[in-house]
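Report on the structure given below.
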Amino acid sequence: MVPMLLSWLTGLGTGMFFLYFWQTLLFPFFWADFWYTLKLVRYGIRLKMYSLRGELVTMLDRFLSHAKQQPQKPFIIYEGDIYTYQDVDKRSSKVAHVFLNHSTLKRGDTVALMMSNEPDFIHVWLGLAKLGCVVAFLNTNIRTNSLLYCIHSCKPKALVVGADLLGTVEEILPKLPEGISVWGMKDSVPQGIISLKEKLSTASDRSVPRSYHAISNLKSVHLYIFTSGTTGLPKAAVITQLKVLHGCAGLWAFGGTSADILYLTLPLYHSSGSLLGIGGCIELGATCVLKKKFSASQFWNDCKKYNVTIFLYIGELCRYLCKQPKREGEKDHQVRLAVGNGVRSDVWKEFLDRFGNIKMCELYGATEGNISFLNYTGKVGSVGRTNFFHKLLYSFDLIKYDIQKDEPVRNEQGWCSSVKKGEPGLLISRVTEKNPFLGYAGDKKHTEKKLLFDVFKKGDAYFNTGDLLVQDQENFFYFWDRIGDTFRWKGENVATTEVADVIGILDFIQETNVYGVAVPDYEGKAGMASIILKPNKFLDLEKVYLQVVTFLPGYACPLFLRIQEKMETTETFKLQKFHLTEEGFNPSRISDPLYFMDNLKKSYVPLTKELYDQIMLKEIRL
């Protein structure tokens with residue numbers, strides 16, 4: 001009996017050893033991959049079951065279900081005021097009834113929404129959704145021509161504007177397309193604008209019949225979210241009901257529950273704020289503490305005050321928190337998850353060391369893209385990972401890219417080739433019926449520009465993310481760089497063509513080449529404009545300053561100017577940016593005149609060696 005028992009225990013021990021060896025050494029992430037994929041499959045099955053029962057459940061339906069099941073639960077907390085699920089349901093119904101009774105809006109019409117972070121953003125969004133309208137989120141930083149461009153591209157029948165942005169819209173009222181009604185969230189509004197706030201005071205809050213917003217297909221459009229992508233002016237990315245549901249599942253996928261309290265400081269016009277944040281809370285039935293703007297000094301006080309358990313971030317946000325003076329009790333909070341993208345490895349480590357055991361849930365994805373990655377293991381520095389199961393759902397690749405020519409590398413037969421693991425490559429994702437690229441509203445050429453054709457075989461099509469990534473031996477991905485005519489600064493995409501167009505309006509400038517330059521210890525790249533003056537014209541630095549601050553968002557204003565006599569171009573006559581980007585803004589290396597944006601003097605000033613050293617030593621905050 002004893003020998004048999006010893007033999008059995010020996011066999012069990014050997015089996016456990018090989019299982020440990022197989023799992024830990026050969027496939028250390030097997031179970032993490034398995035359980036994460038199982039979770040996604042369960043979510044897909046849930047959507048399929050709804051469909052088989054003839055129920056196409058949207059984000060709005062999820063919200064209405066929570067409003068019925070937990071009417072008194074706080075949904076939005078804003079500046080100390082609590083808005084329950086029932087409160088938001090009734091207020092959004094008021095919005096719907098105002099437009100039913102005082103406009104010609106009908107199902108399928110587009111309404112543009114330009115509003116800062118405040119509860120009424122959500123009330124208007126959901127209220128219009130109850131009517132079956134498509135809502136276009138406008139970036140609150142854009143002005144004049146860029147704003148008009150965005151409005152033209154999504155063809156709205158109405159424009160709803162927050163009280164603090166009425167002045168911005170008043171400037172363009174005479175140039176708005178005919179037939180657009182403008183509604184302001186203020187009692188007293190300029191001529192030509194209707195007071196939505198006044199009409200809400202007398203509107204009914206009764207439920208809107210579901211027939212107004214019930215859908216027959218999850219492919220129907222719910223939103224337009226503007227993104228600069230990688231080329232040109234902002235474009236309206238098409239967001240279907242299904243894409244909304246996928247975005248809303250992000251917090252759930254990372255382990256969020258209905259008991260969580262989310263702290264949201266990111267702008268609601270971004271997909272991260274609206275879909276991952278507000279939509280994520282709706283998916284969970286959770287509570288959102290909404291902040292008008294991010295404040296590094298108030299961040300942890302707010303988290304403690306409202307018992308926050310999750311917050312959303314962009315890379316810069318975490319860096320700003322790490323730059324704050326150290327205080328006692330910095331780890332004394334209930335935050336357990338941080339979800340977002342763009343945090344550097346060094347900031348990531350510093351953040352955890354300083355603020356405690358918070359799981360950083362990094363993700364990768366573009367608003368308009370058909371591919372995303374999630375770092376569900378918490379691997380420092382990684383934007384996500386792939387695995388055997390993930391590859392069954394998505395067909396993607398990292399291909400060789402010529403940065404100087406600004407195009408994919410093709411062989412003699414014209415095909416692209418994949419990079420080896422550990423090498424940077426352009427991330428592309430196969431476009432199929434099950435994994436489509438929905439593109440942008442308006443001019444179809446913008447959609448076509450984001451596609452690569454005949455990549456590996458005749459007739460195939462891939463979505464071009466515009467991002468260079470690296471895949472390591474363990475199948476984790478790391479962000480390398482962004483290609484094309486866009487760079488990222490202050491957590492925002494800066495379209496170089498938009499900046500160049502604004503500067504080019506000045507009568508003394510002949511040509512402008514805008515690009516991003518790296519600045520040590522700063523996330524993204526700072527804007528720099530290389531300029532050629534017209535013959536016999538002089539550079540007016542104060543006029544350049546006034547032009548950019550008037551017509552560009554703050555994050556898009558170039559911090560540096562470089563005056564050149566001629567512009568280098570590529571073989572296809574595109575402006576050469578590669579060497580300019582590499583040379584940066586060091587006056588010791590560059591013989592051309594250089595200037596730096598001085599907000600105190602409201603002008604650009606000569607970039608001297610002393611000023612350069614101050615920037616490098618972080619004595620001047622960018």
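The values are calculated or read from the model by the stated rules, or taken from the named source; none is laboratory data. A quick note: this is a predicted structure, and the numbers were derived from the prediction, not measured. Positions of Cβ are backbone-derived with ideal geometry, glycine not excepted, and every protein chain shown enters the neighbour counts. Side chains are part of the model used for accessible areas, which takes the heavy atoms of the whole protein and leaves out ligands, DNA and RNA. Shrake-Rupley method; radii C 1.70, N 1.55, O 1.52, S 1.80 Å.
Among DSSP beta bridges lying fully in the chain, give the percent that are antiparallel, nearest 5.
Among the beta bridges of the chain, antiparallel pairing accounts for roughly 60 percent.
Counting pairs of alpha carbon atoms under 8 Å apart in space and at least six apart in sequence, what relative contact order in percent does the chain give?
Value for the chain: 10 percent.
Taking the centroid of alpha carbons for each part, the stretch 82-122 and the stretch 407-459 are 39 Å apart.
Simple spin-label estimate for Phe389 and Ser65 gives 2.2 nm between the two label positions (7 Å along the Cα-to-Cβ direction from each Cα). For the stretch 382-501, the solvent-accessible area works out to 50 Å² per residue, with a probe of 1.4 Å and every protein chain left in place. The slack in the chain from Asp164 to Thr104, taken as 0.36 nm per residue of separation less the alpha-carbon distance, amounts to 19.0 nm.
For Arg42, the solvent-accessible surface with a 1.4 Å probe is about 140 Å², rounded to the nearest 10.
If r is the Cβ-Cβ distance from Asp592 to Thr144 and R0 is 25 Å, what FRET efficiency results, to the nearest 0.05?
So, using R0 = 25 Å, E works out to roughly 0.25.
If you take all other residues with their beta carbon under 11 Å from the beta carbon of Arg410, and give Lys and Arg +1 and Asp and Glu -1, the sum is -2. Measuring r between the beta carbons of Lys444 and Asn599 and using R0 = 41 Å, the FRET efficiency lands at 0.50.
By accessible area, using a 1.4 Å probe on protein heavy atoms only, the chain has 54% of its surface on carbon and sulfur. Stretching the chain fully between Val409 and Trp35 yields a gain of 130.9 nm (0.36 nm per residue, less the alpha carbon separation).
Ranking Val409, Leu552, Leu113 by how far each Cα lies toward the positive end of the dipole of the chain (charges on Cβ) leaves Leu113 at the top. The accessible-area ordering, largest first, of the residues Arg53, Arg482, Arg562 stands as Arg53, Arg482, Arg562, per a 1.4 angstrom probe.
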